[in-house]
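Input: a single structure, listed below in structure tokens.
The values are calculated or read from the model by the stated rules, or taken from the named source; none is laboratory data. Here the structure is a predicted model, which is why all the values come from computation and not from measurement. Ideal geometry is used to build each Cβ from the backbone, glycine not excepted, and the neighbour counts take in all protein chains shown. Just the protein is used for accessible areas: all its heavy atoms, side chains included, with ligands, DNA and RNA removed. Shrake-Rupley method; radii C 1.70, N 1.55, O 1.52, S 1.80 Å.
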Amino acid sequence: MEKYTVKKVINKKDINVEVPGSKSITNRALMLAAISNGKCKLSGVLFSDDSRAFLDCLDKLGFKLEIDENAKTVVIQGENGRIPNNEATINVRSAGTAARFMTVLLAVCGGKYTLESSEQMKKRPMSELLDKLMENGVEIEYLEKEGHFPFKLNSKGIGETKISIDTSKSSQYASALLMAAAVNGMEVNLTGSRPNGAYIKITLRMLEQFGIKFEKNNNTYNIKKQEVSLDSYAIEPDMSAACYFYAMAILLKVKSAVKGIHLNSMQGDIKFLTVLEKLGCKLTDTPVGVEVDGTGIDSYPGIEIDMSDFSDQALTMAVVAAFANSKTIIKNIGHIRGQESDRVAVIATELRKLGCKTEIIEGTKTDVVIEPGVLHGCEIDTYEDHRVAMSFAMVGLIIDGVIIDNPMCCRKTFENYFDVLENIY
């Protein structure tokens, strides 16, 4: 499917959906299970382009895997911090988490590897992490552009060392180091603007769940070499995916519930529900899942909001802002310029095409002002970015003539998203 014309909703009804497992939790669970000693069964696994890339890497590295996509389970035979194939070629495709996590895992465990990627991933800088690894004795040979994929990695292993890593641009570097530290022991010092960010918190919570002990002193984590062992682990539904359907509650003035999502979720995007509540929605945590009720809202105001800690919802918030009755300012999202697309620029470009006055605040690369306008249909460029496709599709539920170019880029995290949209109405 090269293009998808979104169908405007005529007969509104309440939304009840199920979303895939969390990408963030799935990929962390895959890495933690791989460094464990013995079999670990993961349930509720997300199967998408990203997670399949991660699983393919583990397979190429020689890990024994039992994969059941229908049951949403993966059983991994952990090798107690050892990579079965200490010489291999892997391809992380377009998966940012696999790119960062695998690079660190291979460097810490040791061996000779060639790491390849998609053309999209080649554009995403890796020098901050790779420079740190080279400072610790890892040999990196760039095969194309310096500081980027693809490259060869030759390591005798990293252990009993201290590494400081900046969290400002990507917290995935820090998460990868924190998880791999248990293999040989490491002290990880988190610097930059997000040492206590949402994804760091997920990583630390999962270290605890997998039984990994650590000592914390301010933003420094001391993790001794230790055996990791866990028989089974259940993965939460993806809060990032759920937020599109919760946003539809306020956009369509309906009730929306997502199975398995609860207010005690460890995922940072749960904060988006608090934003919807501020705009007038009612939240109820039912036994089935959280319900967001937008039925009592005639209109809602724009807001000024810092989204640095749940920036995966910046695009979702931008669409919600386009239908508000006053301007919205989304702040501190500069770090999303280096993701699958420059998402700050995408917000401005695509909302303008729809008829919404949108500006990146002069003098910043981090803040966006959105002024509601009279919206009209147009073709949305998705920039091979799954979050662009899924967010801007919501506009077409209200406005005729919205066409999503390359809709199947959503396979990165939610491959049947448009099927779910079709089934709602």
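Observations
- Contact order relative to length of the chain, as percent, for alpha carbon pairs under 8 angstrom and 6 or more apart: 17 percent
- Averaged over its residues, the chain has an accessible area of 39 Å² per residue, based on protein heavy atoms and a 1.4 Å probe.
- DSSP beta bridge pairing in the chain, given as percent antiparallel to the nearest 5: 65 percent
- Debye intensity ratio I(q)/I(0), log10, segment 7-86, q values 0.11, 0.13, 0.17 Å⁻¹ (C-alpha model): -0.35, -0.44, -0.64
- The Rg/Rh ratio of segment 1-140, with both radii computed over alpha carbons and Rh defined as the Kirkwood radius, is 1.07.
- Available extension along the chain between GLU135 and GLU116 is 4.6 nm, counting 0.36 nm per residue and deducting the alpha carbon span.
- Averaging 1/r over each pair of different alpha-carbon atoms in the chain and inverting the result gives 22.1 Å, the Kirkwood hydrodynamic radius.
- THR97 accessible area, assembled protein chains, probe 1.4 Å, Å²: 10 Å²
- Placing dummy labels 7 Å off each Cα toward the beta-carbon, the span from ASP68 to LYS253 is 4.7 nm.
- Taken over the C-alpha atoms, segment 48-124 has Rg and Dmax values of 12.5, 35 angstrom.
- Reference-scaled alpha-carbon Rg (2.2 N^0.38 Å with N residues) for segment 323-425: 1.08
- Note on LYS156 and ASN80: the extension gain reaches 25.7 nm, defined as 0.36 nm multiplied by sequence separation minus the Cα-Cα distance.
- Normalising the Debye intensity of segment 219-377 to I(0), with uniform scatterers on Cα atoms only, and taking log10 at q = 0.11 Å⁻¹ returns -0.50.
- Net charge of Cβ neighbours under 15 Å - reference VAL108; Lys, Arg +1; Asp, Glu -1: +3
- LYS327, LYS162, ranked by accessible area, largest first (probe 1.4 Å): LYS162, LYS327
- Segment 114-183-segment 347-425 distance, computed between alpha-carbon centres (Å): 32 Å
- Taking 23 Å as the straight-line reach from the Cα of LYS152, the lysines in range (excluding those fewer than 8 positions away in the same chain) are LYS60, LYS112, LYS122, LYS123, LYS132.
- Segment 137-296 has equivalent-ellipsoid semi-axes of 38, 19, 15 Å, by the square roots of 5 times the alpha carbon gyration tensor eigenvalues, sorted largest first.
- The Kirkwood radius of segment 62-180, taken over pairs of alpha-carbon atoms, gives through the Stokes-Einstein law at 37 °C and 0.692 mPa s a diffusion coefficient of 220 µm² s⁻¹.
- Computed in the context of the full set of protein chains, the accessible area of segment 348-398 at 1.4 Å probe radius has 52% of its extent on carbon or sulfur.
- Sulfur and carbon atoms: percent of accessible area, segment 87-231 [1.4 Å]: 41 percent
- Gaussian network model of the chain, Cα within-10 Å springs - most flexible of TYR173, TYR244, TYR142: TYR142
- Separation in nanometres of the label points that stand 7 Å from Cα toward Cβ, at HIS262 and VAL374: 4.9 nm
- Calculated FRET value between ASP14 and THR349, using beta carbons and R₀ = 35 Å, to 0.05: 0.55
- Using a cut-off of 32 Å between Cα atoms, the listed pairs LYS23/LYS255; LYS13/LYS278; LYS271/LYS327; LYS169/LYS282 include LYS169/LYS282 as exceeding that distance.
- Solvent-accessible area of ILE270 with every protein chain in place, 1.4 Å probe, in Å² to the nearest 10: 30 Å²
- Taking other residues whose beta carbon is less than 14 angstrom from the beta carbon of GLY355, and scoring Lys, Arg as +1 and Asp, Glu as -1, yields -1.
- Label-point gap, in nm, between THR5 and GLU87 - each point 7 angstrom along Cα→Cβ: 5.7 nm
- Over all other residues within a Cβ to Cβ distance under 11 Å of LYS412, the charged ones net out to -1, with Lys and Arg as +1 and Asp and Glu as -1.
- Relative contact order (percent, whole number), segment 92-173, Cα cutoff 8 Å, 6+ residue spacing: 36 percent
- Fluctuation leader among SER24, SER171, SER118 - the chain, Gaussian network, Cα springs under 10 angstrom: SER118
- Bridgeable aspartates and glutamates around LYS64 (alpha carbons under 12 Å apart, same-chain partners fewer than 8 residues away excluded): ASP56, GLU79.
- When each of the peptides 25-35, 233-243 is scored by how many other beta carbons lie within 10 Å of its residues on average, the order from highest to lowest is 25-35, 233-243.
- The solvent-accessible area of ARG93, taken with every protein chain present and a 1.4 Å probe, is close to 100 Å².
- Here the Karplus relation 6.51 cos²θ - 1.76 cosθ + 1.60, evaluated at θ = phi - 60°, turns the backbone of segment 398-403 into coupling constants of 10, 10, 5, x, 8, 10 Hz, with x for every Gly and Pro.
- GNM top mover of ASN136, ASN264, ASN16 - the chain, alpha-carbon springs below 10 Å: ASN264
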